[in-house]
Amino acid sequence: MSIDEWVGYGIPEEIIDEAIVWLTKLDSGEMSDQQKTEFAHWLDDDPNHRWAFEEVSTVWARSSIRHDTSVSKSKASGLTNHKNGSRYYASLSYIAIALVILGLVVNFL
Amino acid sequence: MWPTMQNQTHSENYGPGWFEQLVEKTHDKLKRALCQMLSPAESEEVIQESYLKLFETLKKENLDNPQGYLYRSARNLAITRIRNKNVAQKFLDQKTEQIQVIEGNNEGYQALKEDQQHQQLHQVIATLPPVCRQVFVLRKLHGYSHKEIAETMNISQKTVENHIAKGMRACLEAFRRPTKIDSNYKRSQRG
C-alpha cells in the first residue's frame, strides 16, 4: 500500500516533530545506549509515535537526491564531489542498523 | 475474550497470558489514536481486526515485535477504511472525474507519482534557507556525517541536527502536498 498522501494523516503535528528529532538523532549515528532505550520507550508509548516515526522514516528514505539534479549542481559549492556513491549508501546504514536493532522493521508497505 | 496462545505454534516465545497482557496494554492507546481518524465504533472495529490479524499471523510465524506489528496493522486498516469511504463518497457525490483509476496500470501511475514527488522534493530543497539547504544536501546527497558537516561549515553538531530536521520537515510537506483526498474527506465529514 502506498502511504504517500496519507503520511502523517491524523497524527498530531507535535508528534511528527518529535519523530523527526528522533530520526535526526539516529541519523547522527551518535546515540547513546540510554538514548536508544528512551527512543524504544517513546515508540511504544503511543501508537501515534510509531506511526509518525515509521512514516517519517519512509519519507526520509525516499527523499534521496541524485547528482543529476539542479539542486546538486548549484549547492554544496566549495566542497569537492569525490565523496558520493557508496559513501552515500553507507551513510544510510546508521538508521538501517538502528531500526533492525530496535526491531522496527515491520511489514507496513 | 481471546483464545489462549498456549500450544500455538509460535507462542512459546511470549509466555502464557502475554496476548491478554498486550491487549490490556495497547487497547486504550490504540483507541485514542484511532479516534483521531475514525468514529469510536469504527476505531473499535479496527482494533479488533488488528488483534485478530496479529493473532492469526503469530500462528504462522514468529514476530520480533508483535506490538509494532499490531500498531502498523491498525494504521493500515484505518487508512484503508478512510480511503474506501472517500472513494464511495465521491461516487455518491457524482465526482467521478476525481476518482483515480489505477487498476490495470498501477505501475505507470506509481512511476508518474514518484516523478511528481521527486520534482516537488527538488523544489522544496531549493527553497530552503541557504545554510539549511547546504547542510541537507551535504548529508543527503554527498553522505557527509553530521560531524564532518559541523567541522566543514564551522557550526555545532546540534545546529547540523536542527538544519537536517528542518529540511526533513520540508520534504515531508512535499510528500504530503497532494492532500486532495484528505480535504475532500474532511469536507464530506463536515457536510
Can you give me the number of residues within the range B:107-126 that are hydrophobic (A, V, I, L, M, F, W, C) and free of Cβ contacts under 8 Å to residues at least 24 places away in the same chain?
-> 3
Which of the residues belonging to the range A:7-64 are under 23 Å from B:Ala150 (Cβ atoms), within 10 Å of chain B (Cβ to nearest Cβ) and assigned to a loop (DSSP other than H, G, I, E, B)?
-> A:Gly29, A:Glu30, A:Ser63, A:Ser64
With respect to A:Ala90, is the statement that it is hydrophobic (A, V, I, L, M, F, W, C) and modelled with pLDDT under 60 true?
-> yes
Out of all the residues in the range B:136-147, is one or more of a type outside the set (D, E, K, R), open to solvent by 30 Å² or more (accessible area, probe 1.4 Å) and assigned to a helix (DSSP H, G or I)?
-> no
For the range B:26-40, does any single residue satisfy the condition of being within 17 Å of A:Asp44 (Cα to Cα) and part of a loop (DSSP other than H, G, I, E, B)?
-> no
Qualifying position, being open to solvent by 30 Å² or more (accessible area, probe 1.4 Å), modelled with pLDDT of 80 or more, over 18 Å from A:Ala61 (Cβ atoms) and of a type in the set (S, T, N, Q), among B:Ser156, B:Ser188 = B:Ser156
Inter-residue pairs, beta-carbon under 7 Å, first assigned by TED's automatic domain parsing to the domain that holds B:Cys35 and in the range B:53-71, second basic (Lys, Arg) and part of a helix (DSSP H, G or I), 6+ apart = B:Gly68/A:Arg50; B:Tyr71/A:Arg50
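The values are calculated or read from the model by the stated rules, or taken from the named source; none is laboratory data. Fair warning: this is a prediction, and the values are worked out from it, not measured in the lab. Backbone-built Cβ (ideal geometry, glycine too); neighbour counts: all protein chains shown. These area figures cover heavy atoms from the full protein model, side chains too; ligands, DNA and RNA do not enter into them. Shrake-Rupley method; radii C 1.70, N 1.55, O 1.52, S 1.80 Å.
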